[in-house]
């Protein structure tokens with residue numbers, strides 16, 4: 001379903017970038033809930049994308065943003081006040097944007113994997129995942145499901161990295177802001 005989702009998103013982005021609305025558009029995409037998904041950096045990290053003529057091209061922005069920072073950015077673009085103290089205090093995504101728009105459109109790429117392919121019932125973890133409860137959100141055993149997904153991508157003998165958790169702490173010393181990551 002990831003390839004299907006990527007293809008659908010590409011089609012939406014292409015349609016918007018080739019429309020009369022593109023010159024004043026911003027598309028924000030954020031994974032719904034990272035929860036405990038395995039990642040080599042941190043289990044709480046989520047992929048996020050911003051697509052707009054005003055987004056910097058060929059630039060690296062190493063600012064640590066949060067979900068509420070993305071929300072705050074949208075509020076500022078729309079001229080809306082913050083909804084809570086959390087988004088009011090969040091770091092907006094200023095460094096991701098530029099003043100001069102680049103109006104080049106996007107052309108969707110075809111899926112590089114078969115999007116109609118189904119899981120093999122003999123695949124590693126197939127029996128365990130078939131027995132899981134997907135009737136409601138968060139009923140399936142999270143860690144076991146993550147390991148099944150990891151092995152389905154990386155191979156049956158691949159070892160899933162252990163969950164890593166970190167807290168970002170901001171301190172202000174001598175008028176300068178310092179960010180550090182405390183890991184456990």
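Since every read-out is calculated from the coordinates, none of them should be taken as a lab result. Just so it is clear, the model here is predicted, and its values are computed rather than measured. Backbone-built Cβ (ideal geometry, glycine too); neighbour counts: all protein chains shown.
For this structure, a couple of remarks:
- Residues of the stretch 82-114 with an amide N closer than 14 Å to a point placed 7 Å from the Cα of residue 19 along the Cα-to-Cβ direction: 106.
- Averaging 1/r across all pairs of distinct Cα atoms in the stretch 1-152 and inverting the result yields a Kirkwood radius of 18.4 Å.
- Between residue 58 and residue 130, residue separation times 0.36 nm minus the direct Cα-Cα distance comes to 21.6 nm.
- At 0.692 mPa s and 37 °C, Stokes diffusion of the stretch 72-160 via Kirkwood alpha-carbon radius, µm² per second: 180
- Gain upon complete extension [residue 74, residue 95; 0.36 nm per residue less C-alpha separation]: 6.2 nm
- Counting 0.36 nm for each residue step from residue 88 to residue 103 and taking away their Cα separation leaves a gain of 2.3 nm.
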